[in-house]
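The values are calculated or read from the model by the stated rules, or taken from the named source; none is laboratory data. As the structure is a prediction and not an experimental result, all values here were calculated from the model. All Cβ positions, glycine included, derive from the backbone under ideal geometry; neighbour counts span all protein chains shown.
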Amino acid sequence: MTQIDQAVEIRDGEALESGAVDRFMKQAIPGLEGQPTIKQYPGGASNLTYQVDYGERSYVLRRPPFGKIAKSAHDMLREARVMQALKPAYPYVPEIVSICDDHSVLGCDFYVMERLHGIILRQDFPKDFSLSAEDTRKLCLNVIDKLVDLHKVDAKAAGLDKLGKGAGYVQRQISGWSDRFRKARTDDVGDFETVMAWLNEKMPEDLAQVVIHNDFRFDNVVLNPDNPFEVIGVLDWEMATIGDPLMDLGNSLAYWIEADDEGPFQMLRRQPTHRPGMLTRKEVVEYYMEQSGFRADNFDFYEIYGLFRLAVIIQQIYYRYYHGQTQDKRFAVFGQAANYLQKRCQRLIDESHL
């Protein structure tokens, strides 16, 4: 059987106080016995995710990063409450077990949710996970269907209609990400000014106001280990809001790297979209529009926006490395990645008929 996604040993400086976790868990969940085994999931560059086991009973604890963080970032209470509201309408959300806003427990807000036992596809298929091209295509369509399903949720009925800021979502994203880039720019990275000017000039009106995930990728999707075509969970709801569905799709496609994409783009690949049978970006857009009913005559704006947003995220991380705020060597090449994404955006702009 294919390996179920597992937590590993906790990274230095990110350990939880096990006695405090134990006291909280036993108060929140009846019948827990013994002492917890706590491990950490290695993925993600934002919130920290831990597996807390009491024998066969297994839970997941999510908390913000250690150290000083921006007040509006890493809002655990918001994420947990969005998940609670969305769960009845969108069953792929893990069930929230308990929420804690008492900082005397772990020094921060955090929440505990059910652990979904399943497969998570990261950069490549696991060694014992072999699918034909036909089966890979079937899996791919099933995953895209879950984004379509999310965008069809009745936000008002779920009590989530006040989650966003109303009309003007597209405009807020362009101005917000442009501002973030300018604040995070370093001397060795291009200025993106022509890209930002083009996005500002070409931005459409909001297509619709729906629940969007804002980070929908294969490595945030959990598959049934007994039937890997079946999606049993969608994770990481930190950036979920009410917004434009095609902006959500554009964000997802920034990570959708095909087998014949050029080398620098391949270096950014973190999900197995290069496998034979996976849809191309163009096919994803066509399939999504057909299934969802949300349509645009030209998807260029959304694709370029997604790549620009990814560049800003990468640049914000690189800024910390450049200024010595982190020593993580993985981030040393992020400036080059941002420069590549500027060239890619510019090329798509030059080719666009918008």
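Scanning segment 6-25 for residues being under 26 Å from Thr326 (Cα atoms), surrounded by 12 or more Cβ atoms within 10 Å (Cβ to Cβ) and of a type in the set (D, E, K, R) gives a total of 2. Within segment 148-186, the set of residues being among the hydroxyl-bearing types (Ser, Thr, Tyr) and in a loop (DSSP other than H, G, I, E, B) comprises Thr186 only.
In segment 298-311, the residues that are farther than 14 Å from Lys202 by Cα form Cβ pairs under 9 Å with partners that are of a type in the set (Lys, Arg), at six or more places apart or across chains, as follows: Leu307/Arg344; Ala311/Arg344.
Residues in segment 258-299 that are under 19 Å from Asn214 (Cβ atoms) and in a loop (DSSP other than H, G, I, E, B): Leu268, Arg270, Gln271, Thr273, Phe294, Ala296, Phe299.
Within the set of pairs 6+ apart or on separate chains, which have a first residue in segment 124-143 that is modelled with pLDDT under 95, a second that is polar (S, T, N, Q), and C-beta atoms under 6 Å apart? Pairs that qualify, where the first residue is modelled with pLDDT under 95 and the partner is polar (S, T, N, Q), are Pro126/Thr2; Pro126/Gln3; Asp128/Thr2; Phe129/Thr2. Note on segment 207-257: residues that are assigned to a loop (DSSP other than H, G, I, E, B) and over 21 Å from Tyr287 (Cα atoms) total 8.
Taking only pairs six or more apart or across chains, which ones have beta-carbon atoms under 6 Å, a first residue in segment 205-216 that is under 15 Å from Ala296 (Cα atoms), and a second residue that is among the charged types (D, E, K, R)? These pairs meet every condition: Asp206/Asp244; Leu207/Asp244.
Here's the yes/no breakdown for (1) surrounded by fewer than 21 Cβ atoms within 10 Å (Cβ to Cβ); (2) free of Cβ contacts under 8 Å to residues at least 40 places away in the same chain:
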{"site": "Asp149", "(1), (2)": "yes, no"}
{"site": "Gly159", "(1), (2)": "yes, no"}
{"site": "Gln171", "(1), (2)": "yes, yes"}
{"site": "Arg180", "(1), (2)": "yes, no"}
{"site": "Lys202", "(1), (2)": "yes, no"}
{"site": "Val221", "(1), (2)": "no, no"}
